[in-house]
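The values are calculated or read from the model by the stated rules, or taken from the named source; none is laboratory data. Predicted model only: the values in this text are computed from it and were never measured. Glycine also receives a Cβ, built like all others from the backbone with ideal geometry; neighbour counts cover every protein chain displayed. These accessible areas exclude ligands, DNA and RNA; they are computed on the full protein's heavy atoms, side chains included. Shrake-Rupley method; radii C 1.70, N 1.55, O 1.52, S 1.80 Å.
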Protein chains: 2
Amino acid sequence: MILTLKPGRTLFSLVLSYTDTAKIPGITIAGASPQDTIYTPPADAELIHHGHCISIPGLPVTPDGKPTPALLTRAALTYADIPHIVIDAGCAVSPQMPHIHTGIKPGNNIEVKPAMSYKDALYTMQVGEYVGHTLSSLCDNLIIGESIPAGTTTALALLRGLNLPYKVSSSMPDNPTDIKERVVSAALSRLNMDTYLNVAAQTADPMILFVAGMLNGSSSNVILAGGTQMLAVLALSIKMKHNIQDTTLATTTYVADDPKVSFHKQAELFGVNVISVNPHLEDSRHAGIRAYAEGFAKEGAGAGGAIYAAQTITNTDILPRIDEEYDTILLDRD
Amino acid sequence: MILTLKPGRTLFSLVLSYTDTAKIPGITIAGASPQDTIYTPPADAELIHHGHCISIPGLPVTPDGKPTPALLTRAALTYADIPHIVIDAGCAVSPQMPHIHTGIKPGNNIEVKPAMSYKDALYTMQVGEYVGHTLSSLCDNLIIGESIPAGTTTALALLRGLNLPYKVSSSMPDNPTDIKERVVSAALSRLNMDTYLNVAAQTADPMILFVAGMLNGSSSNVILAGGTQMLAVLALSIKMKHNIQDTTLATTTYVADDPKVSFHKQAELFGVNVISVNPHLEDSRHAGIRAYAEGFAKEGAGAGGAIYAAQTITNTDILPRIDEEYDTILLDRD
């Protein structure tokens, strides 16, 4: 199988969203504290767009200071001059930069109530279809990344709700499986399984519904840039009998080769192409970047897909650019 | 001079904005009453996108019931399958559809105070540059239309502020010249002319600043779809020494051939291509559409550029589609 970008225009889109599930203590490290996770999606987008964040000082970090994968995305997109469009598909805090506004609300905490109403799920998917249709009509390769804290938990709940026994990844080396299982069990205990869209409304998050809509509305080559959350999007698309031909999953080797999630096997079952990109972050000059190669963060904000596209377009390794980008940010902070 | 679309992708963008100048009684008919003009930009965009408005019942009409030119734009874009992206660049009321959010505020009433601060003018132009850069990198022909009530008055104030003795068009057969002159005089009496950007900040509206920014940020073939307001955009761009090569003005013959405004002559002085499209609206089955050929509305919401692009792409007259579109809307209303 030849995995490559189609000749022509490449567009990177970043879908920002939020689920109140992220406020459960210990469920995510996408933010310095559970309350800080509301700022992570807008700050990721601001970092990619402006080179610095506006909604928060510094940049999104884990509680112990490891930087957001949006830093990798920023380095890749700017180096390869790939245009980006950011979509607010349910943020708690909107990004301070031009972005596509959709009117979609954040998802509820699935431990205590359904993620959203059936009507909101339908609306979210329909708006995603329009955005996917429009953006894909403007490019030959549409990359879709995401930023939603606790998104692996809602992805897991959806996969279980669809009776798919897949595993999900985590931004932590020690996946907080106990907490995730507790939340997922609570969500599934309420599950009223009539339609697949309703299962998603009850268990998932707005990002999954929106990206599934984008994929369904798209005409061009779509590259889902992400790990197990994008697998959950595909699972929903397949169950809903959407056409997923010409879809590629692109992620970092840190997710794809994680023995805990059997990513390649799951993607193969779905019949989609997989691109697994190794950005050799273990060779970074920065400890916070080397941590990615040790199992922290691993992926996010479409980093794997952005790096893949940038390396393909420029035929250059992106790591030196990532290190330079981090130098600039650390310098600004001093 | 051969005037045609470049081969490849065509994207229609619609810049919505607002100026409180539109609340001056008698200055515009872009709305059933001065207060209703705040709904005209979002309703225009909703009509183009959904085929019906959400912010208002029915569709934007003049006080005596003539329909908005957005109806023509809708018919043209849907027939030729041209994708559209709507930008809120200073609306008083946001459109209810996915659109690019910019954080730009409406302009002030220039009869009583400067349109905006210098800082806001700079921000508006910079955001326009980013949006223009991004959208133009995704297509071969970027059409830019606008919807801003009372926009010909702010365009006139800017042209006078730049010492350009041009005339502007009007959505009325009897241009309310007295009111416009009164407002423009008030704006110019306060004018502190240090930089061209500052002149625009004091006299113009957010649409003009934003579209001038888009034009400056664009790499591809830009088609400014509009009449004398787009001439004001070009005048500002030229004064600011922006590159306006590869720019085309596209409008209806109702504006271009209006003996009161010498449109062709003014455009020639700027050295830009002019496309003047005659949609033969005098042959419409609907009196409200035939009124366009009698000097009402004339242009707006990028109608001239959208009709030109649609007729070029499909090699078909769009009038039957316009009549059908209006049939559908009238049917929905019954």
Check: Given 0.36 nm per residue, what is the gain on full extension from B:Gln96 to B:Asp327 after removing their alpha carbon distance, in nm?
Finding: 80.8 nm
Next item on the list: Anything in chain A that counts as a DSSP H helix reaching 18 Å or more along its axis (C-alpha) with Kyte-Doolittle mean of at least 1.6? List them, would you?
Entry: none
Note to self: Need one value: the accessible area of A:Ser17 in square angstrom, 1.4 angstrom probe, rounded to the nearest 10.
What the structure shows: 0
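So how strong a dipole does the protein assembly as shown carry about its Cα centre when Lys and Arg Cβ are +1 and Asp and Glu Cβ are -1, to the nearest 20 debye?
280
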Margin query: Would the protein assembly as shown count as rounded, prolate or oblate if I go by the C-alpha gyration tensor, calling it rounded below 1.5 in a/c and otherwise prolate when a/b exceeds b/c, oblate otherwise?
Written below: prolate
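Restricting attention to region B:206-279, which trypsin sites (Lys or Arg not before Pro) occupy a DSSP loop and are surrounded by at most 14 other Cβ atoms within 10 Å? Walk me through the numbers on the way to the answer.
Details: sites: B:Lys239, B:Lys241, B:Lys260, B:Lys265; in loops: B:Lys241, B:Lys260.
Answer in residue order: B:Lys241, B:Lys260.
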Checklist line | For region A:53-120, size of Cβ-based charge dipole, Lys and Arg +1, Asp and Glu -1, in debye | finding: 100
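What is the local net charge at A:Asn175, summed over the other residues whose Cβ is closer than 14 Å to its Cβ (Lys, Arg +1; Asp, Glu -1)?
Numbers: positive: A:Lys167, A:Lys180, A:Arg182, A:Lys260, A:Lys298; negative: A:Asp174, A:Asp178, A:Glu181, A:Asp258, A:Glu299.
Once positives and negatives cancel, what remains is 0.
Could you work out the relative contact order of region A:1-144? I mean the mean sequence separation of Cα pairs under 8 Å and 6+ apart, divided by the number of residues, in percent.
Relative contact order here is 33 percent.
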Check: Residue farthest toward the positive end of the dipole of the protein assembly as shown, with Cβ of Lys/Arg at +1 and Asp/Glu at -1: which of B:Asn198, A:Met207, B:Val183?
Finding: B:Val183
Margin query: I'd like the distance separating the alpha-carbon centroids of region A:186-208 and region A:1-31, in whole Å.
Written below: 20
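Which of the trypsin sites (Lys or Arg not before Pro) found in region A:169-226 are loop residues per DSSP with 13 or fewer other Cβ atoms within 10 Å of their Cβ?
Of the trypsin sites (Lys or Arg not before Pro), the ones in loops of region A:169-226 whose Cβ has at most 13 other Cβ atoms within 10 Å are A:Arg190.
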Checklist line | Selected from A:Leu231, A:Thr154, A:Leu135, residue furthest toward positive end of dipole (the protein assembly as shown; charges at beta carbon) | finding: A:Thr154
Next item on the list: Show which lysines lie in cross-link reach of B:Lys180 when reach means a straight Cα distance below 17 angstrom and same-chain residues fewer than eight apart are skipped.
Entry: B:Lys23, B:Lys113, B:Lys167, B:Lys260
Next item on the list: Return the whole-Å distance between the Cα centroid of region B:123-145 and the Cα centroid of region B:219-275.
Entry: 17
Notebook entry, point to check: Among B:Pro279, B:Met240, B:Thr21, whose Cα sits farthest toward the positive end of the charge dipole of chain B (+1 at Cβ of Lys/Arg, -1 at Cβ of Asp/Glu, about the Cα centre)?
Noted result: B:Met240
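Dipole magnitude of region A:10-333 about its Cα centre, charges +1 at Lys/Arg Cβ and -1 at Asp/Glu Cβ only, in debye to the nearest 20? Write out the running numbers ahead of the final one.
Values: 20 positive and 31 negative charges, 188 e Å.
It comes to approximately 900 debye.
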Next item on the list: For B:Asp317, A:Asp258, A:Asp81, A:Asp20, write out the residues from largest to smallest accessible area, computed with a 1.4 angstrom probe and no ligands counted.
Entry: A:Asp81, B:Asp317, A:Asp20, A:Asp258
Next item on the list: Work through the residues other than A:Leu142 whose Cβ is under 14 Å from its Cβ and net out their charges, Lys, Arg +1 and Asp, Glu -1.
Entry: -1
Next item on the list: Return the carbon/sulfur percentage of the accessible area of region A:10-333, one whole number, probe 1.4 Å, all protein chains in place.
Entry: 51
Checklist line | Averaged over A:131-143, number of beta-carbon atoms from partner chains that fall within 10 Å | finding: 3
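Please give the net charge around A:Ile24, taking every other residue with its beta carbon less than 11 angstrom from that of A:Ile24, where Lys and Arg add +1 and Asp and Glu add -1.
Once all neighbours under 11 Å are counted, the net charge is +1.
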Notebook entry, point to check: Using Cα pairs under 8 angstrom and six or more residues apart, how large is the relative contact order of region A:10-333, in percent?
Noted result: 23
Note to self: Keeping all protein chains in place and using 1.4 angstrom, which order do A:Val222, A:Val112 fall into by accessible surface area, from largest down?
What the structure shows: A:Val112, A:Val222
Next item on the list: Provide the per residue accessible area, probe 1.4 Å, for the protein assembly as shown, rounded to a whole number of square angstrom.
Entry: 35
Next item on the list: Could you pull the accessible area for A:Met116 with a 1.4 Å probe, rounded to 10 Å²?
Entry: 20
Margin query: Rounded to the nearest 100 Å², what is the buried accessible area between A and B, both sides summed, probe 1.4 Å?
Written below: 1900
